[in-house]
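What follows is a single structure, written as structure tokens, with notes after it.
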Amino acid sequence: MKIVICHGQNHKGSTYHIARALADKIGGEITEFFLPRDFGEYCVGCGNCFMKGEEKCPHYDKIRRITEAIDESDVIILDSPVYVYHATGAMKVLLDHYGYRWMVHRPSENMFHKQGVVISTAAGAGMKSTNQDMADSLFFWGVPKIYRYGKAVAALRWEDVSDKTKEEIDRKTSAIASSIQKNHGFVKPGLKTRLYFAIMRQIQKKGMMSPQDRAYWSRKGWLEKERPWK
Ligand SMILES: Cc1cc2nc3c(=O)[nH]c(=O)nc-3n(C[C@H](O)[C@H](O)[C@H](O)COP(=O)(O)O)c2cc1C
């Protein structure tokens, strides 16, 4: 299995350790990116990705390595510590660059059979909204199976996390890893993804988005009988 991890932070704290433990338990080829070390460009809002094509993004070459790893993966793990109730700015900066891949624009068909995981840790609270920040992108990219794990670790550093909490993390990461292994190769879009895809298809059919988007949907055959899943 190919696993890509995008860490919304450069350091190896609690969030990193949980994400890495999960990936190790799933097993396979693991590719990791640390943000902003491996990508830290702000979206400049030019809209080129939507209107002219993603290769016209001024950061296209810089982000390409991450994009390719995401495309080639079976499992995408996004993790972030909770910073003021949300994902880190570094994670947001990455996700902003994939707006053009949202289902309403030009989703990649390789997303519709992947599994995704969002992980966040906080001292006390904010995991739900932080995981939502990341899960929104996975869902709208087309990823049909998304696991969410938020953990209040009551610490600012992994070294200060209690043994009891580390045991809970161990049990939870084992359970998620086992589900991912079981589901590998059998993941299909559920009702929610199919419903959203149908709505986006109507929007594209009516020509409500850019000509670039419409040409993409037409080329894929999605305006007719083809679908990005089998
Ligand atoms: C800038 C900043 C903002 C934070 N905001 C929150 C917060 O909103 N809620 C919370 O419970 N913890 C908050 N924390 C604490 C971290 O989320 C928590 O310690 C987390 O486990 C750190 O993960 P890491 O070890 O991977 O860096 C914040 C920490 C920092 C540095």
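The values are calculated or read from the model by the stated rules, or taken from the named source; none is laboratory data. All values derive from a computational prediction rather than experimental measurement. Glycine gets a Cβ as well: all are built from the backbone with ideal geometry, and neighbour counts include every protein chain shown. Ligands, DNA and RNA are excluded from the accessible area calculation, which covers all protein heavy atoms including side chains. Shrake-Rupley method; radii C 1.70, N 1.55, O 1.52, S 1.80 Å.
Does any residue of region 166-181 turn out to be in contact with a strand residue (DSSP E or B) (Cβ under 8 Å, 6 or more places away or on another chain) and farther than 18 Å from Thr121 by Cβ? For region 166-181, residues in contact with a strand residue (DSSP E or B) (Cβ under 8 Å, 6 or more places away or on another chain) and farther than 18 Å from Thr121 by Cβ: present.
For region 106-129, a tally of residues being within 17 Å of Arg219 (Cβ to Cβ) and open to solvent by 30 Å² or more (accessible area, probe 1.4 Å) returns 2.
Looking across region 60-86 at every residue that is β-branched (Val, Ile, Thr) and within 14 Å of the ligand (Cβ to nearest atom), the one that is least open to solvent (accessible area, probe 1.4 Å) is identified as Ile77. The residue that is nearest to Tyr83 (Cα to Cα), among those in region 141-167 that are more than 14 Å from the ligand (Cβ to nearest atom) and free of Cβ contacts under 8 Å to residues at least 40 places away in the same chain, is Arg148. Among the residues making up region 1-57, those that are within 16 Å of the ligand (Cβ to nearest atom) and open to solvent by 30 Å² or more (accessible area, probe 1.4 Å) are Asn10, His11, Lys12, His17, Arg20, Ala21, Glu32, Pro36, Arg37.
You will find that of Glu168, Glu159, the residue that is farther than 20 Å from Glu109 by Cβ, assigned to a helix (DSSP H, G or I) and open to solvent by 60 Å² or more (accessible area, probe 1.4 Å) is Glu159 and no other.
Is it the case that region 45-56 has a residue that's in contact (Cβ under 8 Å) with a residue 12 or more places away in the chain and over 29 Å from Lys192 (Cα atoms)? Among the residues of region 45-56, at least one is in contact (Cβ under 8 Å) with a residue 12 or more places away in the chain and over 29 Å from Lys192 (Cα atoms), which makes the answer yes.
Can you list residue pairs whose Cβ atoms sit under 7 Å apart, with the first residue in region 61-81 being among the hydroxyl-bearing types (Ser, Thr, Tyr) and the second being modelled with pLDDT of 95 or more and assigned to a strand (DSSP E or B)? Count only pairs 6 or more apart in sequence or on different chains. Once the first residue is among the hydroxyl-bearing types (Ser, Thr, Tyr) and sits in region 61-81, its partners that are modelled with pLDDT of 95 or more and assigned to a strand (DSSP E or B) give Ser73/Lys2; Ser73/Ile3; Ser73/Val4; Ser80/Ser120.
Test Ile180 against the criterion of being of a type in the set (A, V, I, L, M) and either under 19 Å from Asp71 (Cβ atoms) or exposed (fewer than 15 other Cβ atoms within 10 Å of the Cβ) (or both), and give yes or no.
Numbers: of a type in the set (A, V, I, L, M): yes; either under 19 Å from Asp71 (Cβ atoms) or exposed (fewer than 15 other Cβ atoms within 10 Å of the Cβ) (or both): yes.
Here the answer is yes, as Ile180 does meet what is asked.
Checking each residue in region 179-209 for being part of a loop (DSSP other than H, G, I, E, B), under 24 Å from the mean Cα position of the chain (by Cα) and over 21 Å from Arg148 (Cβ atoms) picks out Gly185, Met209.
The number of residues in region 102-134 that are outside any helix (DSSP H, G or I) and of a type outside the set (D, E, K, R) comes to 18.
The set of residues in region 192-211 being open to solvent by 60 Å² or more (accessible area, probe 1.4 Å) and within 17 Å of Glu109 (Cα to Cα) consists of Lys192, Arg194, Leu195, Tyr196, Ile199. Mind checking which residues of region 212-230 are in a loop (DSSP other than H, G, I, E, B) and surrounded by 18 or more Cβ atoms within 10 Å (Cβ to Cβ)? Passing the criteria: Trp222, Pro228.
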